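Everything below concerns the one structure shown next.
The values are calculated or read from the model by the stated rules, or taken from the named source; none is laboratory data. None of these values were measured; they are calculated from a predicted model. Neighbour counts are summed over all protein chains in view; Cβ atoms, including those assigned to glycine, are modelled from backbone coordinates with ideal geometry.
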Amino acid sequence: MNDKLDWIDRELAVVADSGLLRKLSVCAQGEKSTELKIAEKTYINFSSNDYLGLAAELVRAQEASPSEGQKWGSGASPLVTGRGEMHQQLEQALAKFKGTEAALSFSTGYAANIGAITSVTGNEDIILSDARNHASIIDGCRLSKATVQVYRHNDVDHLVELCKQSSGFRRKLIVTDSLFSMDGDIARLGSLVEISRQYQAILMVDEAHATGVYGETGRGLAQQLGCEDGVDISVGTMSKALGSVGGFVTGNQNLIDLLVNKARTYIYSTAMPHACARAGILALELVRKEPERREQLFRNVKYLTDRLVQKGALPDRPYTQIVPLIVGSPELSLARSKSLMRSGFYIPAIRPPTVPVGESLLRISLSSGHTTEQLDRLVSVLSE
């Protein structure tokens, strides 16, 4: 009898032949926030989104002040019985942190992007999306049923051309990451605000990798670049610099009311556990109280970037905590990642479809917890 799933072996063989096969591994936290254990071997971790080293701090804070009378699972979707007092407090804290009227928490940042995009656009609308946007934005665009036009990465002239051709649609949405997760470069938010105003487009910015890191109070790149007033929909995540889990959308109250009623990823998902909501509140408080974490992170960013540029291992680039080393082929990126592991560093290879064909890379993610000694060792190995 034919196996109806025997095509999977052939499919996986094709993926493996292309150097793109992924395999799961089991990782454990080392003794320090910048250490990772895999198969009982400890590596210096340059792959984590825990940019401020808050993940371990939140565990200690929760243990020191446990939440009383709370179960682990929320038990239902937010519109049934899943939304508790802790979720409300988190959303109030997020709105205060971002300086907006309201906020809504989601189970993941992925769900936040999909929920927001599909709530504000439909088949009568057009979405103008940066070519290097995160997969969650891309999937949200696909699910929205809107017409989608992709503008060349950070090319505002191309965006203007597309805006000029979009007059026949009911609504226009311009959507972009603020800090791009693979390239580590920054969106031209000031120009995007001007374009969105000129062409009456809604502007949505995903601050996932910028939340907690950029701006005077850590609100993100829109704050740092002085253009928060021009952003209509701001998306963030608590799973990166905030050291926890979950996503959120902030904006005016009418926007949040719309999402409560239309965002399927909110309506039809069980609410995040109360403990995760509480961790988000604690993380926001730590970001407010301890700006030295951001300051140390950017000292590390500047130190490593300058050293790699001087060594010729990296082209001159903006100072961000995501440092990509373009390798080219998937096979070569895997080989170099394994070589780095033999030297005690964990820096995974990033391959298509996460990045375009021919642009496989090693992505260095920096943390405030990395020491100068660790950075010097990394520079030495990469220079070799």
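Of the residues examined, Lys41 is not one that is touching a Gly at 6+ places or on another chain (Cβ under 8 Å) and of a type outside the set (Gly, Ala, Ser).
Against the numbered list (1) assigned by TED's automatic domain parsing to the domain that holds Leu189; (2) surrounded by 16 or more Cβ atoms within 10 Å (Cβ to Cβ), Leu54 comes up short only at (1). Of all residue pairs spaced 6 or more apart or on separate chains, those with beta-carbon atoms under 6 Å, a first member in the stretch 114-129 that is in the same structural domain as Asn154 (by TED's automatic domain parsing) and a second member that is at pLDDT below 95 are Ile126/Ser166. Quick one: in the stretch 29-64, of everything that is under 18 Å from the mean Cα position of the chain (by Cα) and among the hydrophobic types (A, V, I, L, M, F, W, C), which residue is farthest from Phe298 (Cα to Cα)? In this case the residue turns out to be Ala55.
Residues considered: Ala279, Ala222, Ala210, Ala275. Of these, the only one that is surrounded by 17 or more Cβ atoms within 10 Å (Cβ to Cβ), in the same structural domain as Ile114 (by TED's automatic domain parsing), in contact with a helix residue (DSSP H, G or I) (Cβ under 8 Å, 6 or more places away or on another chain) and not in a helix (DSSP H, G or I) is Ala210.
Note on the stretch 123-172: residues that are assigned to a helix (DSSP H, G or I), in contact with a strand residue (DSSP E or B) (Cβ under 6 Å, 6 or more places away or on another chain) and closer than 24 Å to Leu259 by Cα total 2. For the stretch 110-138: of the residues being touching a Lys or Arg at 6+ places or on another chain (Cβ under 6 Å) and among the acidic types (Asp, Glu), which is surrounded by the most Cβ atoms within 10 Å (Cβ to Cβ)? Step by step, filter the stretch 110-138, then rank; the result is Asp125. Residues that are within 19 Å of Ser178 (Cα to Cα) and either touching a strand residue (DSSP E or B) at 6+ places or on another chain (Cβ under 6 Å) or crowded, with 18+ Cβ neighbours inside 10 Å (or both) occur at least once in the stretch 75-94.
So that you can scan it fast, the table gives a plain yes or no per residue for (1) within 20 Å of the chain's Cα centre (by Cα); (2) of a type in the set (Phe, Trp, Tyr); (3) not assigned by TED's automatic domain parsing to the domain that holds Ser360:
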position	(1), (2), (3)
Leu5	no, no, yes
Trp72	no, yes, yes
Phe97	yes, yes, yes
Thr100	no, no, yes
Thr108	yes, no, yes
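Consider the stretch 126-174 and keep the residues that are modelled with pLDDT of 95 or more and small (Gly, Ala, Ser). The one that is nearest to Gln198 (Cα to Cα) is Ser129.
The residues in the stretch 352-372 that are under 18 Å from the mean Cα position of the chain (by Cα), more than 14 Å from Tyr43 (Cβ to Cβ), small (Gly, Ala, Ser) and in a strand (DSSP E or B) can be counted, and the count is 0. Residues of the stretch 353-368 include at least one that is of a type in the set (Ser, Thr, Tyr), surrounded by fewer than 20 Cβ atoms within 10 Å (Cβ to Cβ) and at pLDDT below 95.
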